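Encoded as structure tokens, the structure appears first; notes follow it.
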Amino acid sequence: MSKKKQSLKDIIRKNITRIRKEQGLSQEQLGFKADIHRAYIGFIERGAKSPSVDHLEKIAGALKVPITRLFLGVED
């Protein structure tokens, strides 16, 4: 069986969620640090919204990681 390739949207949302949790941050805390409403962080993490480049830049800055880290493939 071949494994279905993850979409870029899924890779980004999984990376944001994983890094946020590794840093012990809630969605609300990440939203505050990134100056993005916490509900929008939740929408991104659930895949209901696709973040703009500006939002990705803010999120990466708040997580103190290079923006490229949000695009790296992840394994389930």
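The values are calculated or read from the model by the stated rules, or taken from the named source; none is laboratory data. As the structure is a prediction and not an experimental result, all values here were calculated from the model. Cβ: placed from backbone, ideal geometry, glycine included. Neighbour counts: every protein chain shown.
Kindly indicate whether any position in region 60-76 is touching a Lys or Arg at 6+ places or on another chain (Cβ under 6 Å), in a loop (DSSP other than H, G, I, E, B) and modelled with pLDDT under 95. Let's see the steps before the verdict.
Our first condition is that a residue be touching a Lys or Arg at 6+ places or on another chain (Cβ under 6 Å); within region 60-76, this holds for 62, 74.
Filter once more, keeping what is in a loop (DSSP other than H, G, I, E, B): 74.
If we keep only those that are modelled with pLDDT under 95 too, we end up with 74.
Yes, because at least one residue in region 60-76 is touching a Lys or Arg at 6+ places or on another chain (Cβ under 6 Å), in a loop (DSSP other than H, G, I, E, B) and modelled with pLDDT under 95.
Taking the criterion of being surrounded by fewer than 18 Cβ atoms within 10 Å (Cβ to Cβ), part of a loop (DSSP other than H, G, I, E, B) and touching a helix residue (DSSP H, G or I) at 6+ places or on another chain (Cβ under 8 Å), would at least one residue in region 7-22 satisfy it?
no
Can you pull out every residue in region 23-39 that is surrounded by 13 or more Cβ atoms within 10 Å (Cβ to Cβ) and assigned to a loop (DSSP other than H, G, I, E, B)?
Result: GLN23, LEU25, ILE36, HIS37.
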